[in-house]
Amino acid sequence: MKIAIIGQQDFGKAVLEAFVARGDEVAGVFVAPDKEGAKPDPLKVAAQERGLKVFQFPSYRKQEAQDALKALNVDLGVMAYVLLFAPQEFVNLPRHGTIQYHPSLLPKHRGPSSINWPIIQGSTRTGLTIFRPTDGLDEGPVILQKECEIGPDETIGDVYFNKLFPMGIKAMLEAADLVVAGKHKEVVQDESQATYEGWCRAAEAKIDWAKPIDHVYNLIRGCNPAPGAWTTLAGKKVQIFDARKTVFRRFADVVGKIGEVSDVTADSFKVTAQGGLIEVLRARGEDGKKLSGGEFARNHGLSNGALLGS
């Protein structure tokens, strides 16, 4: 089939490589404009290395973007991680329209941080959806869905790179074949089941040690590696990445006050939350260096009785 890829970053690159590897014709690649001082987008680099046409429009609403896609005369548009809004006048230009990847089981977790939030909320399952993009955010009819488990200790990095990323590439190929062959079904999303969450950024990633232990642990998992759950030590920001939790079973098990460091070992330090302990295995201070929990404690003079988050 003859396609246009609209996307960016490593996922867009991997989708491009998958279609090329099986012999499909990529007539053009649409990538977000370069950011000043940033490295070139991996999808852009991969496309240029293959001698493909690359388009970088600041908006797909612009007539020049629509004219460029129309001129390619493609069978299908493939949207692989797209942050720019793509109107119907753009996505409907290919012969068989456009398909889009979203890393959640729509209509659950519409929005830009759809991998973080299921983990933060304590879900045990998530997945991906290939759907028809509409002018509503992640609201179009569903073509294909794939589910996966969220393990009790898995992070966003584990779920995305080990599951949703490789599953998503295969699902894009499968959905493209179904649509071009006319064998697909389009299922309207059930609005009564829909949820939307915005970006998971620094404000959302702040740890409240007074929250239940599961809430704290899920926030750390759901922000690892990005944006990085964080707290403060003597007024300075500390990001927490790899961690383990211990649940208090009895009153006699309770150690320390909320937010208090109760133990420092060679490899970690432990912080009391509501109903348990968080053992910090990897952390980063304002100097930007990720260290083991034990090394961080030694470098920052962290000892029993220190309070975090105050």
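Brief remarks follow.
- Residues whose amide H falls under 5 Å from that of Thr98, counting only those 5 or more places apart or on a different chain, are Gly77, with hydrogens built in the peptide plane.
- FRET efficiency, Ala194 to Thr265 (Cβ-Cβ, R0 51 Å, nearest 0.05): 0.65
- Under 5 Å, built H, 5+ apart or other chain: amide partners of Leu233: Val238, Gly309
- Summed residue charge, Cβ within 10 Å of Gly111's Cβ, Lys/Arg positive, Asp/Glu negative: -1
- Backbone N under 17 Å from the Glu295 label point (7 Å along Cα→Cβ), restricted to the range 218-257: 239-243
- At the listed q of 0.17, 0.25, 0.34 Å⁻¹, the Debye profile of the range 98-142, built from one uniform point per Cα, gives log10 I(q)/I(0) equal to -0.42, -0.83, -1.30.
- Estimated translational D of the range 24-78 in µm²/s (Stokes, Kirkwood radius over Cα pairs; 37 °C; 0.692 mPa s): 272
- Probe 1.4 Å, accessible area per residue of the chain, Å²: 47
- Using the rule -39500 (n - 2.57) for each DSSP H run of four or more residues, divided by the residues of the chain, the 222 nm mean residue ellipticity is -7000 deg cm²/dmol.
- Net charge of Cβ neighbours under 15 Å - reference Gln9; Lys, Arg +1; Asp, Glu -1: 0
- Here is the list for the range 1-101: chymotrypsin sites (Phe, Trp or Tyr not before Pro) lying in DSSP coil, each with at most 13 other C-beta atoms within 10 angstrom of its C-beta, are Phe85.
- Dipole of the range 45-111, positive direction: furthest Cα of Gln56, Leu106, Val82, with charges on the beta-carbon: Leu106
- Computed log10 I(q)/I(0) for the range 231-310 at 0.14 Å⁻¹: -0.40, from the Debye equation with unit scatterers placed on every C-alpha and solvent omitted.
- Accessible surface ranking that places the most exposed of Leu83, Leu144, Leu93, Leu76 first, with a 1.4 angstrom probe: Leu83, Leu93, Leu144, Leu76
- Within the shell defined by Cβ-Cβ distances under 12 Å, the residues around Gln189 carry a net charge of -2, with Lys and Arg each +1 and Asp and Glu each -1.
- Apportionment of accessible area to carbon and sulfur, the range 53-153, percent (1.4 Å): 48
- Among Ala18, Ile258, Leu164 the positive-end extreme of the charge dipole of the chain (Cβ point charges): Ile258
- Carbon and sulfur %, accessible surface of the range 216-268 computed with the full protein complex present, 1.4 Å: 54
- Nearest-20 debye value, the chain charge dipole, Cβ charges on Lys, Arg, Asp, Glu: 380
- Working note: Karplus 6.51/-1.76/1.60 with θ = phi - 60° gives the range 91-98 the couplings 6, 8, 5, x, 4, 10, x, 9 Hz, where Gly and Pro are set to x.
- Toward the positive end of the charge dipole of the chain, with +1 on the Cβ of Lys and Arg and -1 on the Cβ of Asp and Glu, the farthest Cα among Ile115, Gln66, Gly182 is that of Ile115.
- Candidates per trypsin sites (Lys or Arg not before Pro) in the range 1-39, loop by DSSP, up to 12 other Cβ within 10 Å: Arg22, Lys35
The values are calculated or read from the model by the stated rules, or taken from the named source; none is laboratory data. Remember, predicted model here, so these are calculated numbers, not experimental data. Note: ideal-geometry Cβ built from the backbone for every residue, glycine included; neighbour counts use all protein chains shown. Remember, those area values only see protein heavy atoms, side chains included, never the ligands or the DNA or RNA. Shrake-Rupley method; radii C 1.70, N 1.55, O 1.52, S 1.80 Å.
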